[in-house]
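One structure is given here, and the rest of the page talks about it.
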Amino acid sequence: QVQLVESGGGLVQAGGSLRLSCAASVSIFSINFMAWHRQAPGKQREMVAGITSGGRTSYADSVKGRFTISRDNAKNTVYLHMNSLKPEDTAVYYCLSSVQGNNYWGQGTQVTVSS
């Protein structure tokens, strides 16, 4: 069982920045894959960024060049650095970890970008 706790969301103006954190209850050193997803009102949840245990990253086209995912194994934490935020980035952001074929989700953190 992996528990994930997200933090760092909030209200920001367009063009601003936020850093989201996802703290895991277990060591993330060997977790195969961790990711950030988001869900806007009335829309399906979508993956924003992912990172493998080897450090390989992937991003949705809509956030490439603006968002950066990183992991700090010593702190068992994954981060999402978000720059040049746009109103369309407004959503609840969820952290995901995939461990031995099981997916675990955090409770989500709200990000609201005002125009």
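Here are a few things to note about the model shown:
- Unmet requirement for GLY16, which otherwise passes all of (1) free of Cβ contacts under 8 Å to residues at least 60 places away in the same chain; (2) farther than 17 Å from GLN3 by Cβ: (1)
- Pairs with Cβ under 9 Å, 6+ apart, first in region 103-115 and of a type in the set (Lys, Arg), second surrounded by 12 or more Cβ atoms within 10 Å (Cβ to Cβ) and part of a strand (DSSP E or B): none
- Remark: THR77 falls outside the filter, which requires a residue to be of a type outside the set (A, V, I, L, M, F, W, C) and either over 14 Å from VAL2 (Cβ atoms) or open to solvent by 70 Å² or more (accessible area, probe 1.4 Å) (or both).
- Among the residues of region 5-29, those that are aliphatic (A, V, I, L, M) and either assigned to a loop (DSSP other than H, G, I, E, B) or more than 26 Å from LYS86 (Cα to Cα) (or both) comprise ALA14, ALA24, VAL26, ILE28.
- Scope region 3-40; condition farther than 13 Å from LYS75 by Cβ, among the β-branched types (Val, Ile, Thr) and over 16 Å from the mean Cα position of the chain (by Cα); matching residues: VAL12
- Failed item, numbered, when ARG66 is tested on (1) open to solvent by 20 Å² or more (accessible area, probe 1.4 Å); (2) under 17 Å from ASN32 (Cβ atoms): (2)
- Selection from region 81-97 of residues that are surrounded by fewer than 17 Cβ atoms within 10 Å (Cβ to Cβ) and hydroxyl-bearing (Ser, Thr, Tyr): SER84
- Every residue from region 6-61 that is out of contact with any Ser or Thr (no Cβ under 7 Å at 6 or more places or on another chain), crowded, with 17+ Cβ neighbours inside 10 Å and small (Gly, Ala, Ser): ALA35
- Scanning region 71-90 for residues that are free of Cβ contacts under 8 Å to residues at least 60 places away in the same chain and on the phi > 0 side of the Ramachandran plot gives a single hit, ASN76.
The values are calculated or read from the model by the stated rules, or taken from the named source; none is laboratory data. Note that the coordinates shown come from a computational prediction; the quantities given were computed from them, not determined experimentally. Cβ: placed from backbone, ideal geometry, glycine included. Neighbour counts: every protein chain shown. Ligands, DNA and RNA are excluded from the accessible area calculation, which covers all protein heavy atoms including side chains. Shrake-Rupley method; radii C 1.70, N 1.55, O 1.52, S 1.80 Å.
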